[in-house]
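Chemist: Structure provided below as structure tokens; questions to follow.
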Amino acid sequence: MNSLTKFIAVSALIGVPALASAFKAERIDPPHWWTGMNDTSLQLQVYGKDIRGTEFSVDYPGVTVDSVVRLNGSPDWQYVYLTLSPETKPGKMTLTWREGKKKQKMEYELKARREQKGAQGFSAADVLYLIMPDRFADGDPSNNVIKSMRNPAPVDRTQPNMRHGGDIAGIMDHMDYIDSLGVTAVWVNPVLENDMPGDGGSYHGYATTDYYRIDPRFGSNEEYAVMIDSLHGRGIKTVMDMIFNHSGSAHPWIDNLPSSDWLNFNGDYHQTNYRLSTLTDPYASDYDRKISVDGWFVKEMPDLNQRNPHLMKYLVQNSIWWIEESQIDGIRMDTYPYADKDAMAAWIDAVKREYPDFNIVGECWFGDVAGVGRWQGGSALSKAAGDTNLPTVMDFPFMIKSADLAPYKEDTDPWNGLNKLYDHFALDYVYADPLKVLRFLDNHDTERVIQSDIDSLGSWKQAVTMLLTVPGIPQIYYGTELLMSGTRKGGDGNVRKDVPGGFPGDTVNSFMRAGRTPLQNEAYDYIAALNAWRKGSKAAAEGKMKHFMPDNGLYLYERKAGDDSFVVVMNGRDKANAVDMSRYAEIIPEGQKYRDVVTGETVVLRPENGVYEFAPRETRVLENVEF
């Protein structure tokens, strides 16, 4: 008997108060399903006044009722479990609820599965572009204010923590810009409904109030699917941002809980200690560990209990529904370690059974490689503590260390920064697969890699080059290509700025070449050139790496896959640097000619005299080709 069956058996024994005669089924999640799924079990979450104790039945060929679960919370929820045989045909089945003489019927559609264009997954052959939709572009000002929502206030772009009006239409309007940057996947911050009160209206999207509805201030479910299809038409994948750890406090569950254990701490607010180290600490107290995982992020984001099998089944089905419905290619799961480890591992198994090529990246915010590596499925650290099954993890330590290459820190020794990154990559043995590590310089939750305006690109190019050429999956945060700067001082909105030209009334349009400064165009062109080259580079997608300890201010490494290889070399000094290149003889033959993949120049790193003079902050990505 599995945990879900046990829970159902216990639930059936719970006394249910007599119902009022005015029951009414009002909503079913998921709103429809498909035949031909590998998992033949379908949970229907039924919401409606006093629906819990009613009798349920369905009469449809190939569909049987496995169980009807009546939990110990609000009488307004009922959980129906159906089994769909492999022979079940698409169509509309009639669902019936009865209590005494009262009867209600609803139609529920089983659809035929479409030809799968999504669920491609993403890999080290891809470059992800992270977009916060509220701050990218406002393509449809008519949806800026939805009067029926809890926060009908107009957008206010003068306030960094208010809603600014960006939407799906804005992303659609600027697909040429995204495409020309050369990225192959777009990760969009959460777009599900966040019908939250408060001045900001949860513009960031991390307080879900409806798991099956795109927030109408961003667009509609149909517009979301059109966006994904349009991106697919350009060869660009889509990664959907999801949150299983918590919902928004305005979700219908919260004030009307289906069961007493639907939320952690039985619905009482206890804030997390934000100390994920307790999850790997061999000496951690049970108290500290429980507060870490079961505590709430903030009061407005109640912590969901993934150990409740009915809740977890709901979340699992929801993710599969979005994969099938909108054809997304991957999922980025927010606050991954804060959810129940075993339940999340089972979720990944369920998704992979339906979509074997699908990829999931978990936000595992640790400051050290061991902490991150513990969460990648298949690693020795993960197996030792119960495998997570998580394919891809986020390299926060790389983000932290790469800041030492950025030009805004006056007291930073760039040569020392290169050494820190060398030592960081030397720890890649911790990962089950370094190629399935998401590398990034910054994102929506961190300081921008550039914290104040710059007037040269030397160190910026080194950070970007490293991001796009080391083993792993690179992720670029929107605006990096425009040299967008900012810190979190004063609020996260300061690292989530609007793209100039994306909003009504903007006098500068950075989406157009003419609207960018010469330095911005140089930055944009540099990323675009590297991305264009990466698309044909087997070595960038799967090559092994060999690097040399930084010496004389120089960091050099090679990536190689079969006959395909390239060399990256960086002068970390702000002055010219003459280097004896004989040290690198094992990968750089004397007189070997290389092609710079950005400029097209021919370069000989080991001339006859053995000395190559690097310009200040010179960075090269060099293909080993025959001329």
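The values are calculated or read from the model by the stated rules, or taken from the named source; none is laboratory data. The shown structure was predicted, so the numbers you read here are calculated from the model rather than taken from an experiment. Here the Cβ positions follow ideal geometry from the backbone for every residue, glycine too, while neighbour counts run over all protein chains shown. The protein model used for the area step is the full one, side chains on, heavy atoms only, and it has no ligands, DNA or RNA in it. Shrake-Rupley method; radii C 1.70, N 1.55, O 1.52, S 1.80 Å.
Chemist: Hey, any hits in the stretch 430-445 for a residue that's without any contact (Cβ under 8 Å) to a residue 40 or more places away in the chain, open to solvent by less than 10 Å² (accessible area, probe 1.4 Å) and not polar (S, T, N, Q)?
Modeler: no
Chemist: Looking at residue 490 and the list (1) at pLDDT 95 or above; (2) among the small types (Gly, Ala, Ser); (3) open to solvent by 30 Å² or more (accessible area, probe 1.4 Å); (4) outside any helix (DSSP H, G or I), which single condition is not satisfied?
Modeler: All conditions pass for residue 490, except number (1).
Chemist: Filter the stretch 304-344 down to the residues that are within 17 Å of the chain's Cα centre (by Cα) and either among the small types (Gly, Ala, Ser) or closer than 14 Å to residue 38 by Cβ (or both) and list them by number.
Modeler: Listed by number, the residues that qualify are 316, 319, 320, 323, 326, 330, 339.
Chemist: Tally time: how many residues in the stretch 103-128 are polar (S, T, N, Q) and outside any loop (DSSP other than H, G, I, E, B)?
Modeler: Total satisfying the criteria: 1.
Chemist: Within the stretch 196-249, count every residue that is over 23 Å from residue 348 (Cα atoms), open to solvent by 20 Å² or more (accessible area, probe 1.4 Å) and among the charged types (D, E, K, R).
Modeler: Selection size over the stretch 196-249: 5.
Chemist: Looking only at the stretch 260-269, how many residues end up being surrounded by fewer than 23 Cβ atoms within 10 Å (Cβ to Cβ), out of contact with any helix residue (DSSP H, G or I) (no Cβ under 7 Å at 6 or more places or on another chain) and either in a loop (DSSP other than H, G, I, E, B) or at pLDDT 95 or above (or both)?
Modeler: 3
Chemist: Being free of Cβ contacts under 8 Å to residues at least 12 places away in the same chain and among the acidic types (Asp, Glu) is true for just one of 368, 286, 357, 349. Which residue is that?
Modeler: Criteria check complete, one pass: 286.
Chemist: For the stretch 136-154, name all the residues that are assigned to a loop (DSSP other than H, G, I, E, B) and open to solvent by less than 50 Å² (accessible area, probe 1.4 Å).
Modeler: Passing the criteria: 137, 138, 139, 140, 144, 146, 149, 151, 153.
Chemist: Just wondering, is there one or more residues in the stretch 530-539 that are aromatic (Phe, Trp, Tyr) and within 25 Å of residue 402 (Cβ to Cβ)?
Modeler: yes
Chemist: A further question follows. Can you pull out the residues in the stretch 514-536 that are of a type outside the set (A, V, I, L, M) and without any contact (Cβ under 8 Å) to a residue 60 or more places away in the chain?
Modeler: Hits for the stretch 514-536 are 515, 516, 517, 518, 520, 521, 525, 536.
Chemist: Just the residues that are more than 18 Å from residue 418 (Cβ to Cβ), out of contact with any Lys or Arg (no Cβ under 8 Å at 6 or more places or on another chain) and open to solvent by less than 30 Å² (accessible area, probe 1.4 Å), please, taken from the stretch 595-627.
Modeler: Answer for the stretch 595-627, where residues must be more than 18 Å from residue 418 (Cβ to Cβ), out of contact with any Lys or Arg (no Cβ under 8 Å at 6 or more places or on another chain) and open to solvent by less than 30 Å² (accessible area, probe 1.4 Å): 597, 610.
Chemist: Give the stretch 362-394 a look and list any residue that's basic (Lys, Arg) and touching a helix residue (DSSP H, G or I) at 6+ places or on another chain (Cβ under 9 Å), or say none.
Modeler: Scanning the stretch 362-394 gives a single hit, 374.
Chemist: Only residues that are open to solvent by less than 10 Å² (accessible area, probe 1.4 Å) and in contact (Cβ under 8 Å) with a residue 60 or more places away in the chain: list them for the stretch 178-195, please.
Modeler: Once the filter is applied, which keeps residues that are open to solvent by less than 10 Å² (accessible area, probe 1.4 Å) and in contact (Cβ under 8 Å) with a residue 60 or more places away in the chain, the stretch 178-195 yields 181, 182, 183, 185, 187, 189, 190.
Chemist: Please determine whether any residue of the stretch 522-545 is open to solvent by 10 Å² or more (accessible area, probe 1.4 Å) and part of a strand (DSSP E or B).
Modeler: Taking every residue of the stretch 522-545 in turn, at least one turns out to be open to solvent by 10 Å² or more (accessible area, probe 1.4 Å) and part of a strand (DSSP E or B).
Chemist: Could you please find all residues in the stretch 82-122 being surrounded by 13 or more Cβ atoms within 10 Å (Cβ to Cβ) and among the hydrophobic types (A, V, I, L, M, F, W, C)?
Modeler: 82, 84, 93, 95, 97, 106, 110, 119, 122
Chemist: Of everything in the stretch 564-594, what is in a loop (DSSP other than H, G, I, E, B) and open to solvent by 10 Å² or more (accessible area, probe 1.4 Å)? Give them in sequence order.
Modeler: The answer is 573, 574, 575, 576, 585, 586, 587, 589, 590, 591, 592.
Chemist: OK, next. Determine which single condition residue 213 fails, assuming it passes every other condition in (1) outside any strand (DSSP E or B); (2) modelled with pLDDT of 95 or more; (3) under 19 Å from the mean Cα position of the chain (by Cα); (4) not aliphatic (A, V, I, L, M).
Modeler: Exception for residue 213: condition (1).
Chemist: For the stretch 216-229, name all the residues that are assigned to a helix (DSSP H, G or I), in contact with a strand residue (DSSP E or B) (Cβ under 9 Å, 6 or more places away or on another chain) and over 16 Å from residue 32 (Cα atoms).
Modeler: Of everything in the stretch 216-229, those that are assigned to a helix (DSSP H, G or I), in contact with a strand residue (DSSP E or B) (Cβ under 9 Å, 6 or more places away or on another chain) and over 16 Å from residue 32 (Cα atoms) turn out to be 223, 224, 227, 228.
Chemist: Another one. What pairs come out if I take residues in the stretch 44-68 that are part of a strand (DSSP E or B) and pair them with residues that are surrounded by fewer than 17 Cβ atoms within 10 Å (Cβ to Cβ) and of a type in the set (S, T, N, Q) whose C-beta lies under 6 Å away, six or more apart or interchain?
Modeler: Pairs found: 57/96; 64/83; 66/83.
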